[in-house]
Amino acid sequence: MTNTATFSAVTLQVFRSADLKVTHGANLGDPLSFASELVPEDTYELATHADLQRLALRADAGATFRIAPQTMTGLPGALIHLDSALTLMSPDGQMTEVIVLVEVDDAGDVTEIYGLPLSPLVPRVPYTLVGIDRDGARAKLAQIACVSFTGGTQITMASGEQRSVEALRAGDRVLTRDDGPQPLRWIGRTTVRAVGEMAPILLTRGTLHNAADLLVSPEHRLFIYQRSDALGAGRAEILVRARHLVNGTSVIRREGGYIDYFQLLFDSHHIIYAEGIAAETMLVDTITRAALPADLAAKLAQTLPGHESRPHLSFEVQEGLLQSPDAVERLRLSSTR
């Protein structure tokens, strides 16, 4: 595969600041703002006709974020500051976290503020601001952006053995599509509520020739080799994000309860086999690095050239090519096992 300097991107479902306003408290009538202007105990409500907008965010050079070209809201290329993570409490005691992102122009002036809910917000429900975390937003965003397998997923080892992801250990040799057996450097595990942005995507058995049901994080990309170009992507080898395959029948978002997510890190970004089909491993970049333990992130900063080169990203198919109701079936029929 040819290396590329393409930056990775993540699609976030956000509300604009005006969609979430204070209905009781010190900032009465004000829209969602950044941490320094927020007042604990203020009550917010989501506008009745508020719609989630798709904000495409890419990891830029250094430690910055910019709006990606494929965004549906915001100005492509604009700088995004990750401001804070808010905790809102509904009248029944349920907690909802919202990540605050701030878009600025070339002069550094704020042009828009976005709220990224990690679980669903409901219109006309009063949400009281009970927590403002200025330090944890980056780690929470990393959890969304990380590609993760769920407990029970069978991974193909170098020997051909099928082993559940939770039984893997650092140093185990896993079969990769392009580079043969490779040792695992690190395995992460996160337990989260399976709601909103954190709810996994289920590909039912056989959907893309998978040997069993495959449950992955929404941003997880699957590698597909097509005998014919079923989507008009212009190439046989493609990557597709799990969230873009949801069709309500063979591919669904499974919400409810809690889910264990496992991140598999190698020295390079690889394609491995899960339930018999090809899927990517964790890619370390500006967005996802915060998911690593601090000591490991610092140690790996200079030793993962296979992540910096991002060899597979040019194969990704954008969501627009997956909009037809039969897109998944066409991929299944055109692909090889």
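V192 - would you say it is of a type in the set (A, V, I, L, M) and open to solvent by less than 10 Å² (accessible area, probe 1.4 Å)?
In short, no.
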* **Members of the range 124-135 found to be open to solvent by 60 Å² or more (accessible area, probe 1.4 Å), part of a loop (DSSP other than H, G, I, E, B) and of a type outside the set (D, E), listed by number** => R124, R134
* To do: Take R193 and decide whether it is of a type in the set (D, E, K, R) and under 28 Å from L121 (Cβ atoms).
  => yes
* Asked: Just for the range 147-189: of the residues that are among the hydrophobic types (A, V, I, L, M, F, W, C) and without any contact (Cβ under 8 Å) to a residue 60 or more places away in the chain, which one is farthest from H269 (Cα to Cα)?
  -> A167
* To do: List every residue pair whose Cβ atoms sit under 9 Å apart, with the two residues 6 or more apart in sequence or on different chains, where the first one lies in the range 318-337 and is without any contact (Cβ under 8 Å) to a residue 60 or more places away in the chain and closer than 15 Å to T249 by Cβ and the second, anywhere, is of a type in the set (A, V, I, L, M) and crowded, with 16+ Cβ neighbours inside 10 Å.
  => S324/L231
* Asked: Out of curiosity, is L121 open to solvent by less than 10 Å² (accessible area, probe 1.4 Å) and among the hydrophobic types (A, V, I, L, M, F, W, C)?
  -> no
* Residue identified as surrounded by fewer than 20 Cβ atoms within 10 Å (Cβ to Cβ) and more than 29 Å from L121 (Cα to Cα) among I187, I155 -> I187
* Could you count how many residues in the range 169-207 are at pLDDT below 95 and on the phi > 0 side of the Ramachandran plot? -> 1
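The values are calculated or read from the model by the stated rules, or taken from the named source; none is laboratory data. Source: prediction; values computed, not measured. Neighbour counts run over all protein chains shown; Cβ positions are idealised from the backbone, glycine included. The area values use the complete protein model at the heavy-atom level, side chains included, leaving out ligands, DNA and RNA. Shrake-Rupley method; radii C 1.70, N 1.55, O 1.52, S 1.80 Å.
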